[in-house]
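To start, the structure under review is shown below, and the notes come after it.
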């Protein structure tokens, strides 16, 4: 994965949702620029996920990968992250084994 050096400190977001394999079912609400707004069926929370993390299973259910989250990473200037996907206004990345979003 490509690397990126963080320029500006970002505080982590609170009240996050992390999807597990057993609870991967969502409803599509909106789609734009490679991102999708989905509603997590079990919790009824809404989150933004990369379109690449969404698929339809053999029963016709809309699903998301178990790395889908609405968590914004806590990072300091100088931290190096691995970029999973890069979008116009945010990056989905990994830092120290944790996946999450970084604001541009």
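The table for this structure:
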read-out	value
Semi-axis lengths (Å, descending) of the ellipsoid that matches the C-alpha gyration tensor of segment 17-69	15, 13, 10
Length-normalised contact order for the chain - Cα pairs under 8 Å, 6+ apart - percent	32
Computed FRET value (nearest 0.05) for residue 87 with residue 59, which takes r as the C-beta separation and R₀ as 30 Å	0.50
Rg/Rg_globular for the chain, with Rg_globular taken as 2.2 N^0.38 Å and Rg from C-alpha atoms	1.08
Computed label-point distance, nm, for sites residue 4 and residue 30 using a 7 Å Cα→Cβ extension	2.1
Extension reserve of the residue 67-residue 96 stretch, reckoned as 0.36 nm per residue once the Cα distance is removed	9.0 nm
Difference of contour (0.36 nm per residue) and Cα-Cα distance, residue 44 to residue 23	6.4 nm
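We did not get these values from a lab; they are worked out from the coordinates using the rules stated. The shown structure was predicted, so the numbers you read here are calculated from the model rather than taken from an experiment. Methodologically, a virtual Cβ is constructed for each residue, glycine included, from the backbone with ideal geometry; neighbour enumeration extends over all protein chains shown.
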